[in-house]
Amino acid sequence: MSFSRFDTGGLIDRSERIGFSFDGKQLEGFAGDTLASALLANGVSLMGRSFKYHRPRGLLSGGASEPNALVTLGGGATREPNLRASMMALREGLKAESQNRWPSLGFDVGAVNSALSPFLGAGFYYKTFMWPAALWEKLYEPLIRRAAGLGRASHAPDVQEYEKRWAHCDVLVIGAGPAGLMAALTAARSGARVVLCDESFDFGGRLLKDRVEIGDADGPGFAAGVIAELAANPNVRLLASTTVFGTYDSGVYGAVERRDAAERGPAQRVWRIVAKRCVLAAGAEERPLVFGGNDRPGVMMASSMRGLLNAQAIRPGDHVAVFATGGSGHETARDLLKHGLAVTLVDARADVPAEELAASEGARLLTGYVVADAIGGKAVSAVDVVDRASGKRDKIKVDALAMSGGWNPVVGLACHRGDRPVWDEASGMFLPPAERDGLVAAGSAAGILDLAGCLSSGAAQGARAATDLGFKPRKVDAEAVREACGGSTGFQTLWHVAEARGKAFVDFQNDVTVSDLGLAVREGYGHVELAKRYTTTGMATDQGKLSNFNAIGILAENRGVSPDQVGTTTFRPFYTPVSIGALAGEHRGSHYRPVRRSPLHGWAEKHGAQFIEAGAWMRASHFPRGDETDWKQACDRETLAVRAGVGISDASTLGKIDLSGKDAAKFLDLIYTGKMSTLAVGKARYGLMLREDGLLMDDGTVSRLGESHYLITTTTAAAGEVMAHMEFCAQALWPELDVRLASVTDQWAQITVAGPLSRDVLGRVVADDLSETAVPFLAAREVTLHSGLKARLFRISFSGELAFELAVPARHGEAVADAIVEAGQPFGITPYGLEALNVLRTEKGFITHAEIDGRTTPGDLGLGKMVSARKDDFVGRVMLSREGLQRDDREQLVGLRPVNPAHGILAGGHLLEPDSVPAMANDQGHVTSACWSPHLKSTIALAMLKRGRERHGERLVVWDPLRGIETEVVVCAPVFVEAGRLGEVKIARDLDPVQLAAAVPPDLLAGLVCRVADRVALTQLSAAPVCLVAGPAARNAAIRKMARAGDGVARPVQPGHALAVGNSGEGSEDLVERLGADGAISLCDLSDARVRFQLAGPEAQEIIATQSGIDLSAELAKPGSSAPTLFGHVPVQLTRTGADAFEIMVFSTYAQDLAQSLSRSIRLSG
Amino acid sequence: MASLIRCPHCGMRPKEEFSIRGDASPVRPKPEAKFAAWDDYLHSRDNVRGVMHEHWQHVGGCRRWLVVERDTFTHEVHSVVDAADYARARAVKPSKVKPKGKTATAAKGRAKS
């Protein structure tokens, strides 16, 4: 007889039929089935093959700990292996496949391993495949890997979507069984914010599986009543199919919600739950008994068989044996008898409590007996029982076998912080450790096994958690409870059955037997951590949820000590496996990190730019034209155009920092090697910044815009690092200085116009006099464009040619770039990208972070004169004087040219003297930058060479073993071309000025999902001026008051810094005027550096929780409150503008990226 | 690493909003200090098992540098103060690291900002 289903009874809905398939066979189940119960109802008890011996396996524990009934769902890109059939609600069209079998589950060739098993004991692989070592990788490992294993992962990119979300609460309750329900109910009634999670897709735990009465209700009825009350409470969040997988410090818990049945939204959601208190009500796992053949299909845990019988009306056969050492066996016997089945109850105890005997009355009772072996092939057909008193062995024919060796409280989550469970000899269980960080166990997780005890323990812990947090819980009256065996739940410890003849499994999933553990002890691996690794017990996907405690008990017996002395292995997250996709959430592929777009991104696109990733930015690498087929052709053309005429490129990505405050000049002297305080207003200066160890950190320019107002530029690459460094200097090193820093990178579109004709071109756009006397080299001043727009003009060059950088508010960037291109048409103006920029600077020997590589000093790069000797102090001054940094045999910057101009050099190659052996001792230096110079029609390179400055003219070899290139080169000065050598170019001088087109604000939400009807809507707020009000922290109150004068809301950033927003349509000058000037307080226009979105609707807070860990109800409780936070990886200023409405102010170059992230969250919530 | 940090200016935030620089106890020597003092400041660090003061920056929030007093073993955070307050307090009493400024501690609850 095999498994089947009773025609009546259970919690299933027989009117709702559900079709599914298993290994291609079409089957049917009912609503209320799990995949496992539906399979059993169809007579399928063989569900998988084991990991090592390929033994037939069926459902064992039927819960979260299920080691055997693992299946693979889906195919192709959505294929997901190793899912527990017991945890999966049956749904229409579900396609499941069994694993680790070939060619089929019924006939599996790998089962030959079972016949070979005498040779395959613990440590077999270690011992056998040791020699020859060379064969391991190519022969042994692939073979072993193919033969052993579970499901296969998909090799296709995962097409499912995942989401991460934060939740904040007072009390987290893990597990919605009797204890968890009562804990959640008590805490919620007191007014606390509660999150209740359960691994299962329905709430109730054992209440749904055991026949009990609580007051007037049965188990499912009681659970439904509690859940209904909780669901109606707005302070309660119920998360079904949600496994808490980790306990972290500060009351942070990780959980994964599986949404297999959901039609829309993410496939899985990872929750980060911040809880002030936590009640762990994860229940207990029934302990398997370890006897021969205890893994055969048809052998299952007593509580599992009982649950399937009561909930899904699964009929295990005509005659069922129950092997138990405690009350659970008698309870199962009771329920089987009630359904009219014949039961043989084998109880290892000689004395059984009267309540238990009363419950199982009617069964054939064998007390003082054990089941030594379960016999059968693909299903159990008989058991061998042994009378322990006489040693007599008898065979009994059975259809199924239920077993219960007692209970193991689920303590893992209480031990993730490093505590160990505590052995309790009296009860024979490992109990959870003492409370840590507000986490306490309740119910059977705390070792309380009777229902009445679980209910009252849950209520008590829920009340305690609420009381601790200042809530006043009412006492919940205990209702009368009727449960099996009158609540008798004790059991006798029986780690394994010594009379067994067949293989007795301890770890089912990893095929570890009693004899493997004995072998481990005999061979010196008896320590629990060693035995685990030697036998692999507890190392499968179930992490030994069923097996670990039996393994400890068996090790203890073998070593002749108590389980306490053996101890447990370390519990760590994750409690159950979580897919990498779920942990990555939205941060994958192109969203792995945010992408910044320059305000000139659209302009570059219009001119056909090819983009490359450069740090966080997408930058134009080159602008191919016509029949150009590779980047080099475009790069050569662009490079030549700049030196011969004029080019235009985007410099907006350079870091730009606005510095003000009365000590600004003093501050600059401290962070730069040069004396910046002597810089005149209206002038710029090149500067070097050191780390405190004397090595170069970054280079850039400082422009003095006013008496105590500076603009600092940094390299694109180091912008973030330099900003953080300057903030550290200002806040932590010299807090007494009055300086204010603001990143204005996003505020300005910065356009480089370079080449001998650049002045002629720019003259058609800029109204001011651009002559050499009016705008000399390193001038930095405000100018007005012909159209009236105010801009900043810098006479700075990174190409060595006459060049200007024009900075305009970002929104006008594209219009101004268009105007410059129009103005440059008669001059043949050429847009150039990063590649040409790199050639231009290399030809002049200008450095980048290829040279500023964390090992070089100013002197190494020939910039020693930029280090002021007149200053007492600046960052890096003392350490730069170290002997090692001043030695004259250091590597110094030189140029290289190949002897044969056509020969290539690549960055990274090492320099050797001709005929010297490649070895560290002979290393002369390395190539930092290399490119093709179209001017010299030769490869050129910059390199760091020992005593390089003395060695111009010397011949060396560039040795590049990785790419197999050796090139003979000549050392030269690191300057390859002279500027202005092209002579006078005749051009028409009297051209009309060019006017600007009106700036069109981009619609960042175009094409994005921004709304879910009545629940949430994302809109882009109309442009309004934004201004940073900054001053000393002591003036904080005044500063916030000033900021509030904008639109009535101050948006505080930090003490002394607040953002003011003006009215829609108002100009930034108007806002500045309205806020009012104050000598000690500076105003920095950020109107173009910020974009504001509005997120509104009842679902808005949930959308924000997918982006930020801020607790809105605590930190942003009232409308008008505002704080900076992080959305994904993007910093924002978040302001609550209404009960359900928020303003999200974001850096404008990140706005597009953030809009996409928010839209995704909105789409997934729909 | 602590999972949550209570920024004295912004409130409780996840660690993802912060960056860590390292030990906050070394004091930058005076420019004229002996070379050994500079060497010590730059290079000598204890590998603390237990409570230490560290510089953290709230880069994803107010961008202030903070001094986080935390236990490297238990991850417990004992206090968080603004680095400027910490530096000022230390300048007054170099031997005692007890800054006067606004302090956020788990016990005291959220400091109003």
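General remarks:
- Candidate aspartates and glutamates - alpha carbon under 20 Å from A:Lys378, same-chain residues fewer than 8 apart omitted: A:Asp23, A:Glu66, A:Glu97, A:Asp108, A:Asp295, A:Asp318, A:Asp399, A:Asp507, A:Asp511
- Only the Cβ atoms of Lys and Arg (+1) and of Asp and Glu (-1) were treated as charged; on that basis the dipole of the protein assembly as shown about its Cα centre amounts to roughly 1260 debye.
- For the pair the range A:52-77 and the range A:80-112, the centres of their Cα atoms are 6 angstrom apart.
- Inter-chain shielding of A:1121-1131 (mean C-beta neighbours from other protein chains, 10 Å cut-off): 4
- Per-pair calculated FRET efficiency, R0 = 56 Å: A:Arg1074 and A:Arg474 via Cβ, rounded to 0.05: 0.55
- With R₀ fixed at 60 Å, the C-beta to C-beta distance from A:Asp889 to A:Ala350 puts the FRET efficiency at about 0.10.
- Residue-count net charge about A:Arg619 - beta-carbon cut-off 13 Å; Lys, Arg +1, Asp, Glu -1: -2
- Summary of packing: across the peptides A:62-74, A:651-663, A:942-954, the per-residue average of other C-beta atoms within 10 Å ranks them, highest first, as A:62-74, A:651-663, A:942-954.
- Nearest 10 degrees, 0 to 90: helix A:451-468 Cα axis against chain A principal axis: 30 degrees
- Leading residue at positive end of dipole, the protein assembly as shown (Cβ point charges), from A:Ala115, A:Pro776, A:Ala426: A:Ala426
- FRET efficiency for B:Phe73 and A:Asp872, using Cβ-Cβ distance with R0 set to 51 Å, rounded to 0.05: 0.75
- Our note on the geometry: Cα centres of the range A:483-538 and the range A:817-856, 70 Å apart.
- With only Cα atoms counted, chain A has Rg and Dmax values of 37.4, 120 Å.
- Karplus-derived HN-Hα couplings along the range A:794-807 (A = 6.51, B = -1.76, C = 1.60, θ = phi - 60°), whole Hz, x at Gly and Pro: 10, 9, 10, 9, 10, 10, x, 8, 4, 8, 10, 10, 10, 10
- Exposure of A:His587 as accessible area (Å², to 10), given a probe of 1.4 Å and all protein chains: 50 Å²
- 9 Å beta-carbon shell around A:Leu688, net charge (K/R +1, D/E -1): -2
- Here the range A:358-385 and the range A:1-45 have alpha carbon centers that stand 26 Å from each other.
- In sequence order, calculated HN-Hα J values of the range A:639-654 (Karplus, 6.51, -1.76, 1.60; Hz; x Gly/Pro): 4, 4, 5, 5, 6, 8, x, 7, x, 10, 8, 9, 10, 5, 7, 4
- Once the chain from B:Arg21 to B:Arg88 is taken as fully extended at 0.36 nm per residue, the excess over their C-alpha distance is 22.2 nm.
- Karplus-based coupling profile of the range A:771-778, in residue order and whole Hz: 4, 4, 6, 6, 10, x, 3, 6, with θ = phi - 60° in 6.51 cos²θ - 1.76 cosθ + 1.60 and x standing for Gly or Pro.
- Annotation: amide H of A:Leu431 within the under-5 Å range of A:Val422, A:Trp423, A:Asp424, sequence separation 5 or more or interchain, hydrogens built in the peptide plane.
- Label-zone membership for the range A:714-741, site A:Ile612, 7 angstrom Cα→C-beta point, backbone N under 19 Å: A:715-719
- The relative contact order of chain A comes to 8 percent, based on Cα pairs under 8 Å that sit 6 or more residues apart.
- Listed residues A:Gly19, A:Met47, A:Thr8: farthest to the positive end of the dipole of the range A:1-77 (Cβ charges): A:Met47
- Kirkwood estimate for the range A:1102-1146, i.e. one over the average of 1/r between Cα atoms, Å: 10.3 Å
- Under a 5 Å amide H cut-off, with hydrogens placed 1.01 Å from N, A:Met697 pairs with A:Met689, A:Leu690, A:Arg691 among residues at least 5 apart or on other chains.
- The distance between label points at A:Glu721 and A:Ala1141 comes to 4.5 nm (points 7 Å beyond Cα on the Cα→Cβ vector).
- Accessible-area value, A:Glu161, 1.4 Å probe, nucleic acids and ligands omitted, Å²: 60 Å²
- Label zone at A:Ala115 (point 7 Å along Cα-to-Cβ), backbone N below 20 Å, the range A:361-400: A:376-379
- The protection proxy used here, the mean number of other Cβ atoms lying within 10 Å of each residue, ranks peptides A:1085-1092, A:431-438 as follows, highest first: A:1085-1092, A:431-438.
- The range A:509-586: C-alpha gyration tensor shape, a/c 1.5 cut-off, then a/b vs b/c: prolate
- Within the assembled protein chains, the solvent-accessible surface assigned to A:Ile580 is about 130 Å², based on a 1.4 Å probe.
- Magnitude of the charge dipole, the range A:731-877, Cβ model with Lys/Arg +1 and Asp/Glu -1, debye to 20: 260 debye
- Per residue of peptide A:871-883, the mean number of Cβ atoms on other chains within 10 Å of the residue Cβ is 3.
- Cross-link table A:Lys656/A:Lys790; A:Lys338/A:Lys545; A:Lys662/B:Lys34; A:Lys164/B:Lys15, entries beyond 22 Å C-alpha to C-alpha: A:Lys338/A:Lys545; A:Lys662/B:Lys34
- Rg followed by Dmax, in Å, when the range A:217-270 is reduced to its Cα trace: 14.3, 40
- Under 5 Å from the amide H of A:Gly845 lie the amide H atoms of A:Phe976, each residue being 5 or more positions distant or on a separate chain, with H modelled from the backbone and absent for Pro and chain starts.
- Mean partner shielding of peptide A:1108-1118, defined as the number of other chain Cβ atoms within 10 Å of each residue Cβ, is 3.
- At 0.692 mPa s and 37 °C, Stokes D of the range A:595-681 from Kirkwood alpha-carbon radius, µm² per second: 204 µm²/s
- Among the listed pairs A:Lys95/A:Lys397; A:Lys25/A:Lys52; A:Lys865/B:Lys30, those whose Cα-Cα separation exceeds 29 Å are A:Lys95/A:Lys397.
The values are calculated or read from the model by the stated rules, or taken from the named source; none is laboratory data. Source: prediction; values computed, not measured. With ideal geometry, Cβ positions are generated from the backbone for all residues, glycine too; neighbour counts draw on all protein chains shown. Ligands, DNA and RNA are stripped out before the accessible areas are found, and what is left, the full protein with its side chains, is counted by its heavy atoms. Shrake-Rupley method; radii C 1.70, N 1.55, O 1.52, S 1.80 Å.
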